[in-house]
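Before any comments, here is the structure.
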Amino acid sequence: MDQFVASKRETDMVLEMIKNARQSSSGKNNASVTQNLGMFEAPSDIADNYGVRMRGYICPPTTGIYTFWLAGDDNADLWLSTDENPDNAQITAYHDAWTPSREWSWFAGQRSFPITLQAGQKYYIEARMKEGSGGDNLAVGWQLPNGSLERPIPGNRLIPFSGTTNPTSCDFNISASNTNNNPSANQGLQVTYGCSGNDCAGVSYAWSGNGVSGNSSPLNISAPGSAGTYTYTVTASKSGCSNKTATTSITVSEGGGGR
Ligand SMILES: [Ca+2]
Ligand SMILES: [Ca+2]
């Protein structure tokens, strides 16, 4: 079947048709046909006794609240991850019967709860269907934060599935520094963090230590009022990766007045 062309987002979703899925519990590993799709919809009325899985990554164009719909014949379900990791996918919509093609409102379960998604983040998404006999179809739609409906979801919102390995990559390292290693008591200074490596995108940060909090860089702080050495820690977290930390220390050589 078609090979994925990286530069052509219109052929984004990967379709895996699994023949005789009802008879094979391991059917998902035995796809008999795989093809790329121009939108989040499988071909309709092509066979009996087979299964379909469509999977890939969905890219919200704006940050806000989205609602998903699923239509399928026969039983169908939709899984959406909290990030790009398939392991974090949760069931989002389903029905146990059948619907006509692109009929979005036969069952309450076809519609997801409102889901907040972030622009710039890609989310793993997967729809499945098991066909017995008669008609067969599968499609996924959504409503954007501005209220517009895209049903089915067009290919320009989608990125092809990148493989069976965990797509989250954790090649990043964190550093921390400050603008004044030896401040006076209560003197203002800044602490700063940096990220290096190929996978800094999607990392979030949190400062801690000596009552400091925040996530900005630089972050304005005040040196403590008593003499001593103080360490500030920035914790970097990314879904699917271990947290990483970096520290920076200052030494206040004299206490403030009145102490
Ligand atoms: Ca059929
Ligand atoms: Ca059917």
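Using the reciprocal of the averaged 1/r over all distinct C-alpha pairs, how large is the Kirkwood radius of region 148-232 in Å?
Kirkwood radius, region 148-232: 16.5 Å.
Step through the residues of region 110-120 one at a time and calculate ³J(HN,Hα) from phi using the Karplus curve (6.51 cos²θ - 1.76 cosθ + 1.60, θ = phi - 60°), rounding each to whole Hz and writing x for Gly and Pro.
Once θ is set to phi - 60°, the couplings for region 110-120 become 5, 9, 7, 5, x, 10, 8, 10, 9, 4, x Hz.
Quickly work out the Ser217-to-Ser184 label distance, labels modelled 7 Å from Cα along the C-beta direction, and quote it in nm with one decimal.
Computed distance between label sites Ser184 and Ser217 equals 3.0 nm.
Between Ser44 and Ala201, how many nm apart are label points set 7 Å from Cα along the C-beta direction?
3.5
Please give the peptides 103-115, 53-65 ranked by average Cβ packing (other Cβ atoms within 10 Å per residue), highest first, as a rough proxy for protection.
Packing proxy ranking, top to bottom: 53-65, 103-115.
If you build the convex hull over the alpha carbons only and average its shadow over all orientations, what do you get for region 184-259? Give it in nm² to one decimal.
Its Cα hull, projected and averaged over all orientations, spans 5.3 nm².
Readers should treat all values here as calculations from the given coordinates under stated rules, not as data from a laboratory. Since the model is a prediction, treat every value here as computed from it, not as a measurement. Cβ: placed from backbone, ideal geometry, glycine included. Neighbour counts: every protein chain shown.
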